[in-house]
Amino acid sequence: MTSIRDRRGLPAADLGPHPDVSDIPNSFLWGTGSSAIQVEGSRRSRGENIWDRFAADGHIADRSNPGIAADHLALMEVDVDLLHQLGVGAYRFSTAWSRVVPDGIGKISEQGLDEYDRLVDLLLEADIEPFITLYHWDLPQPLQDRGGWLNRDTIDAFINYTGAVTARLGDRVTSWATINKPQVVARQGYVDGSHAPGLTGDANFAPVAHHLLLAHATARPIIRAHSPGAEVGLIADYTPIRPASTSDEAEVACALTHALCNQWFLEPIFGKGYPETPTEALDWDGREILPGDMDTISRSADFLGVNYYGPQIDKLTSNAAPRTGDHPRTATGRMIDPDALLSALQELRNNYVIPQIYITENGAAFDDQVDGDGRVVDQNRIEFLASHIDVVAKARRAGIPIGGYFVNKFLDGFEWEHGFDYKIGLVTVDPESHRRYPKASFDWYRSLIASTR
Ligand code: IFM
């Protein structure tokens, strides 16, 4: 096999057509992103988090751990230079809680904050807006030892951490997301155990979800106090759920999954409270809801971050015959269906008053190929991105307030329970040398962004 070579900056002419983005204004944020644990490395200069423990306990498919990942903190100058070449207007990253507060609560690490301070300054010097997420799934292990998100005290710890980060960076950062996909934390972390901390049990769902939403809403005024004029949002998956068969039973189960995955998180933050059906189905008496909680959560987002990968077949109906349709799939088996993004955005617009939407994640894992010139050729990814950006442009034309689009991810890295086997980035990283190799999709995205300027 030809070894990978650095081919950045090659002409993008033959890489594939651009979608029509001619009416997208200059103010639109073209971006990309990564989250702390997936790329940062520098494990020794932070405390243990739940993914370190989950990996040590042998739960990652390829037996890897997030210890070094793409070594992004050590190589941040190189990465910001690449982002500058890409021409993005924003870079979405998360701060690692266990780097800022190694024990989860209490003493703040000024050294940890210095790292993010440096990253923010480098980005701003390169004219790239830092778009920060405060919690992207990496709870410090000492907090998990006290119950994690099942314990309401974790909210106080989140506020302590949020206060430290925003006090340091709030003068320069204007977009803050509190929590990335609380539904994944609740379902995969605490109900089916496929994510850290690996807990199981249906009864965990509602308490964990409630504490996460409350943490989000309680943090908002703290962030705004340190970062006057900043927008503060929540990032959710809005995943279209498809029934596994045409049976009535499958349709009912599908509606329930939709309520649990999507509505459960959106209804309360846009002022409608928790949907009733799942509350009954979960047999939840709501004891975690204390007086005032729902008012705090209500209308607590200046923007909604939508992470979209594709529709999902309802897993609750897995005994029924699968109805998969003829959609193509990514390497992870995910259905590719850009039209479903359009209907999801229309549903959001019809059901809620949302001041601003960002597509905070969109991308796909494929088995990337290396051509005879040593270039990573990821034509599937280019087609995937083109078809989804086309939908974003259409949705904007239909009046849906989308202010930005972020390809996920910037760098190949640690893909949670799958380890390093899933390649999803615009840039691949040599596992030994950590040298960066932009893929063909990098050049394609660069030329698309350039065409809008
Ligand atoms: O890269 C992840 C991201 O961290 C969370 N959403 C799914 C992505 C793809 O696996």
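The values are calculated or read from the model by the stated rules, or taken from the named source; none is laboratory data. Please read all numbers here as calculations on a predicted model, not as lab measurements. Positions of Cβ are backbone-derived with ideal geometry, glycine not excepted, and every protein chain shown enters the neighbour counts. These accessible areas exclude ligands, DNA and RNA; they are computed on the full protein's heavy atoms, side chains included. Shrake-Rupley method; radii C 1.70, N 1.55, O 1.52, S 1.80 Å.
Can Thr296 be described as over 29 Å from Pro328 (Cα atoms), out of contact with any Cys (no Cβ under 9 Å at 6 or more places or on another chain) and open to solvent by 30 Å² or more (accessible area, probe 1.4 Å)? Answer is yes for this residue.
Every residue, every condition in (1) of a type in the set (Ser, Thr, Tyr); (2) within 16 Å of the ligand (Cβ to nearest atom); (3) under 19 Å from the mean Cα position of the chain (by Cα), yes or no:
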{"site": "Glu415", "(1), (2), (3)": "no, yes, yes"}
{"site": "Gly419", "(1), (2), (3)": "no, yes, yes"}
{"site": "Gly425", "(1), (2), (3)": "no, yes, yes"}
{"site": "Val429", "(1), (2), (3)": "no, yes, no"}
{"site": "Tyr437", "(1), (2), (3)": "yes, no, no"}
{"site": "Ser447", "(1), (2), (3)": "yes, no, no"}
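Taken over segment 115-128, the criterion of being open to solvent by 10 Å² or more (accessible area, probe 1.4 Å) and in contact with a Ser or Thr (Cβ under 8 Å, 6 or more places away or on another chain) is satisfied by Glu115 alone.
Residue by residue, here is whether (1) in a helix (DSSP H, G or I); (2) under 22 Å from the mean Cα position of the chain (by Cα); (3) of a type in the set (Val, Ile, Thr) holds:
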position	(1), (2), (3)
Val173	no, yes, yes
Ala177	no, yes, no
Val184	yes, yes, yes
Ser194	no, yes, no
Gly198	no, yes, no
Leu212	yes, yes, no
Ser245	no, no, no
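The lone criterion from (1) more than 12 Å from Val100 (Cα to Cα); (2) assigned to a helix (DSSP H, G or I); (3) in contact with a Ser or Thr (Cβ under 6 Å, 6 or more places away or on another chain); (4) touching a residue at least 60 places away in the same chain (Cβ under 8 Å) left unmet by Thr166 is number (1).
Which of the residues spanning segment 262-279 are in a loop (DSSP other than H, G, I, E, B) and either in contact with a Pro (Cβ under 6 Å, 6 or more places away or on another chain) or not hydrophobic (A, V, I, L, M, F, W, C) (or both)? Result: Gly271, Lys272, Gly273, Tyr274, Pro275. Annotation note: Cβ proximity below 6 Å between a residue of segment 326-339 that is on the phi > 0 side of the Ramachandran plot and a residue that is open to solvent by 30 Å² or more (accessible area, probe 1.4 Å) and assigned to a loop (DSSP other than H, G, I, E, B) (sequence gap 6+ or interchain) occurs for no pair.
Looking at Ser175, is it open to solvent by 10 Å² or more (accessible area, probe 1.4 Å) and among the hydroxyl-bearing types (Ser, Thr, Tyr)?
Details: open to solvent by 10 Å² or more (accessible area, probe 1.4 Å): no; among the hydroxyl-bearing types (Ser, Thr, Tyr): yes.
Spelling it out, it is not the case that Ser175 is open to solvent by 10 Å² or more (accessible area, probe 1.4 Å) and among the hydroxyl-bearing types (Ser, Thr, Tyr).
Checked against the criterion of being within 14 Å of the ligand (Cβ to nearest atom) and open to solvent by 10 Å² or more (accessible area, probe 1.4 Å), the candidates Ala36, Ala69, Ala55 yield just one match: Ala69. Restricting Phe131, Phe93 to those that are open to solvent by less than 50 Å² (accessible area, probe 1.4 Å), closer than 22 Å to His434 by Cβ and part of a strand (DSSP E or B) reduces the list to Phe93.
Do the conditions hold for Gly112, that is, is it open to solvent by less than 20 Å² (accessible area, probe 1.4 Å) and in a loop (DSSP other than H, G, I, E, B)? The answer is no for Gly112.
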